[in-house]
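Input: a single structure, listed below in structure tokens.
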Amino acid sequence: MNRTMIKKKLLKLITSTIKLFLPLLSRLFIKLRVNKRVINYLNDKSFLSNNYYNFSNIIDSLLIDEKIFALDVGAQGGFNCDQFFSKKYNNFFEAILVEPIEEEAKKLKNNYKYVINKGLWSSECKKKIYILGNRPGSSSMYIPNKEFFKIHSIKDIDYDKFNVTETIEIDCVTLGIALRNLDINRLDYLKLDTQGSELEILKGMGGYKPLLIRTEVHINSMYKNVPSWGDLLKFFNDMNYIPCDWKGIGSHSTRIPAEMDMVFIPNFKTNIGKNLIVENEKKFTSLMLIFGQLELLKQIGEDLKLDSIKTISSFEDRFFF
């Protein structure tokens, strides 16, 4: 019996054993009221499971000396500061950071070549930012809405953290204008974390067509007058993008997250999406590897006959184990 057969039989035995004991463990977890914590822990481990691999050599051979141009909107703390993907891949990006608050922008300029010290919106205008001084990272162009705090499982004692401590008026430009002002003519990766302004910013993309977009989505927003998540999803659909991943943000009393991070890619079933991927094959493949989208990448590669997927044929997607 060869090693592969032994491995498969051992895996089958382990799986059967887990299935046998899982109902008993589940009852114990429910009795101890830790079932949700266990599920969240396992979900996080599953979400990051492909970090087990290091695709750096493959990505390096694909990109050679090129960089992935990345616009990070809501960049307080620096590029990929929340490590949504492994920081071992940060060096493959040319980061462009957006920070309209002057003090925070100065900090970023010490470490990054491109910092946009303006707000982004669907048009050139002036907008107010409502600063939540007691909760850094939650400032927004929308006022907090305490009526929805309970859905986010926010305790009464923490309500004061969401008080507006300062209001600042800022100049806003569109995403397209901001990039053209920097003489940047392409955008490969877009990340949006703006506490409700995501749709208005996307409307200002102009002719830029990112290969992968990660955006915060508010299902039940804790801010007033934020566009519905249905409008946001419709925008992506109309722009020929489809979702390929999501991850809940924070606590919630609903059975789905009140907020989530969603990842969108070009719709590879339409001609517009196909052409965008094929014309940027190496960067698209690199981004999908960085974000751990192995199984889907293989499917897209087979459908569109991408040469680059030959380099990953031997890797199994650990997310589906």
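Output the relative contact order of region 52-320, whole-number percent, from Cα pairs under 8 angstrom with separation of 6+ residues.
Rounded, it is 17 percent for region 52-320.
Of the residues Asn111, Asn50, Asn240, the one that moves most in a GNM of the chain with alpha-carbon contacts below 10 Å is Asn111.
Modelled this way, with points 7 Å down the Cα-to-C-beta line, the labels at Lys128 and Lys203 are 1.9 nm from one another. With a Förster radius of 30 Å applied to the C-beta separation of Thr311 and Asp82, the computed FRET efficiency comes to 0.60.
Given +1 at the Cβ of Lys and Arg, -1 at the Cβ of Asp and Glu and no other charges, the dipole of region 208-321 around its Cα centre is 100 debye to the nearest 20. Taking Cα centre as origin and charging only the Cβ of basic (Lys, Arg, +1) and acidic (Asp, Glu, -1) residues, the dipole magnitude of the chain rounds to 1620 debye. How many Lys pairs in region 127-207 lie less than 27 angstrom apart by Cα atoms, where the lysines are 8 or more positions apart or on different chains? Close lysine pairs found across region 127-207: 15. Rounded to 0.05, the FRET efficiency of the Glu103 and Leu10 pair, given R0 = 45 Å and the Cβ-Cβ distance, is 0.20.
Here, region 236-321 has an Rg and a Dmax of 14.7, 46 Å when only alpha carbons are counted. Cβ crowding within 10 Å ranks Lys274, Lys155 as Lys155, Lys274, fewest other Cβ atoms first. Summarised in one figure, the compactness ratio Rg/Rh of region 52-320, Cα atoms and Kirkwood Rh, is 0.97. Near Asp171: Cβ cut-off under 12 Å, other residues only, Lys/Arg at +1 and Asp/Glu at -1. The net charge is +1.
Multiplying each eigenvalue of the alpha-carbon gyration tensor of region 118-208 by 5 and taking the square root yields semi-axes of 30, 14, 10 Å, largest first, rounded to whole angstroms.
Bear in mind these aren't lab numbers, they're just calculated from the coordinates by the rules spelled out. What you see is a predicted model; the values in this text were computed from it and never measured. A quick note on method: Cβ atoms are made from the backbone with ideal geometry, for glycine too, and the neighbour counts reach across all protein chains shown.
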